[in-house]
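Scroll down for the structure; my scribbles are underneath it.
The values are calculated or read from the model by the stated rules, or taken from the named source; none is laboratory data. As the structure is a prediction and not an experimental result, all values here were calculated from the model. Every residue, glycine as well, gets a Cβ built from its backbone with ideal geometry; the counts of neighbours run over all protein chains shown.
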């Protein structure tokens, strides 16, 4: 049975979330499906660029989250 893989499957594959029994079939499709192969290459490039751009949250963001958490935990204790 031939399976047509989609771009959704491509994302799942690159994030190691594709079902194990489909990985081999997907990798075979990558070898023969030019569109899927090009999309995979583009995805790898974009993923690499995004990984390089990761940033840590600002001190202000951390403080806001902690204040919000503290406020909500106080409300839970009152119940």
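Okay, residues lined up against (1) at pLDDT 95 or above; (2) surrounded by 12 or more Cβ atoms within 10 Å (Cβ to Cβ); (3) part of a helix (DSSP H, G or I); (4) touching a strand residue (DSSP E or B) at 6+ places or on another chain (Cβ under 8 Å):
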position: 4; (1), (2), (3), (4): no, no, no, no
position: 11; (1), (2), (3), (4): no, yes, yes, no
position: 48; (1), (2), (3), (4): no, no, yes, no
position: 51; (1), (2), (3), (4): no, no, yes, no
position: 55; (1), (2), (3), (4): no, no, no, no
position: 62; (1), (2), (3), (4): no, no, yes, no
position: 66; (1), (2), (3), (4): no, no, yes, no
position: 69; (1), (2), (3), (4): no, no, yes, no
position: 73; (1), (2), (3), (4): no, no, yes, no
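If I ask for residues that are farther than 16 Å from residue 15 by Cβ and either surrounded by 12 or more Cβ atoms within 10 Å (Cβ to Cβ) or in contact (Cβ under 8 Å) with a residue 60 or more places away in the chain (or both), which ones from segment 37-46 would you list?
37
Any chance you could count how many residues in segment 13-23 are within 18 Å of residue 45 (Cβ to Cβ) and assigned to a helix (DSSP H, G or I)? If you could, list the steps in order and put the result at the bottom.
First, the residues of segment 13-23 that are within 18 Å of residue 45 (Cβ to Cβ): 13-15.
With assigned to a helix (DSSP H, G or I) added as a condition, the list becomes 13-14.
Of the residues in that region, 2 qualify.
Test residue 26 against the criterion of being free of Cβ contacts under 8 Å to residues at least 24 places away in the same chain, in a helix (DSSP H, G or I) and either surrounded by 15 or more Cβ atoms within 10 Å (Cβ to Cβ) or touching a strand residue (DSSP E or B) at 6+ places or on another chain (Cβ under 7 Å) (or both), and give yes or no.
The answer is yes for residue 26.
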